[in-house]
Amino acid sequence: MSKRISRQTLFLLRNDIPIDFVISDFLKLPSKISEGFLRFMCPLCHEFNSATNPNTNLARCFRCKKNFNPIDLVMAEKRIPFKTAV
């Protein structure tokens with residue numbers, strides 16, 4: 001039987017690990033600072049039409065219209081299931 005992940009743990013992973021760190025340092029996605037925002041290559045559509053919002057700790061690809069939190073980005077880039085990404 002698999003162990004459940006607490007809501008508190010998920011909240012901390014989604015909100016306390018800076019999304020810019022996940023993109024640049026952990027996943028090492030191609031990225032650049034443009035107009036004051038970190039832009040990155042979307043792991044789904046491979047375009048640079050994206051940005052992060054440090055206030056919400058979310059990222060968005062405007063081409064494929066996908067929103068990412070840190071866990072979503074790890075899942076998409078590494079092509080792994082949710083529990084493995086956590």
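The values are calculated or read from the model by the stated rules, or taken from the named source; none is laboratory data. The shown structure was predicted, so the numbers you read here are calculated from the model rather than taken from an experiment. Virtual Cβ from ideal backbone geometry, glycine too; neighbours counted across all protein chains shown. These area figures cover heavy atoms from the full protein model, side chains too; ligands, DNA and RNA do not enter into them. Shrake-Rupley method; radii C 1.70, N 1.55, O 1.52, S 1.80 Å.
Condition check: at pLDDT 95 or above and either in contact with a Lys or Arg (Cβ under 6 Å, 6 or more places away or on another chain) or open to solvent by 60 Å² or more (accessible area, probe 1.4 Å) (or both). Does residue 28 satisfy that?
Here the answer is yes, as residue 28 does meet what is asked.
So that you can scan it fast, the table gives a plain yes or no per residue for (1) outside any strand (DSSP E or B); (2) over 14 Å from residue 14 (Cβ atoms); (3) among the hydroxyl-bearing types (Ser, Thr, Tyr); (4) at pLDDT below 95:
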| position | (1), (2), (3), (4) |
| --- | --- |
| 42 | yes, yes, no, no |
| 60 | no, yes, no, no |
| 64 | yes, yes, no, no |
| 67 | no, no, no, no |
| 76 | yes, yes, no, no |
| 80 | yes, yes, no, no |
| 84 | yes, yes, yes, yes |
| query | Across the stretch 1-25, which residue is most open to solvent (accessible area, probe 1.4 Å) among those that are closer than 14 Å to residue 54 by Cα and either of a type in the set (S, T, N, Q) or in contact with a Phe, Trp or Tyr (Cβ under 7 Å, 6 or more places away or on another chain) (or both)? | reply | 15
| request: Starting from the stretch 13-40, take each residue that is touching a residue at least 60 places away in the same chain (Cβ under 8 Å) and list its partners that are assigned to a loop (DSSP other than H, G, I, E, B) and surrounded by fewer than 16 Cβ atoms within 10 Å (Cβ to Cβ), counting only C-beta distances under 7 angstrom and pairs at least six apart or across chains. | output: 13/86
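Could you please let me know if residue 25 is among the acidic types (Asp, Glu), in a helix (DSSP H, G or I) and under 24 Å from residue 3 (Cα atoms)?
Here the answer is no, as residue 25 does not meet what is asked.
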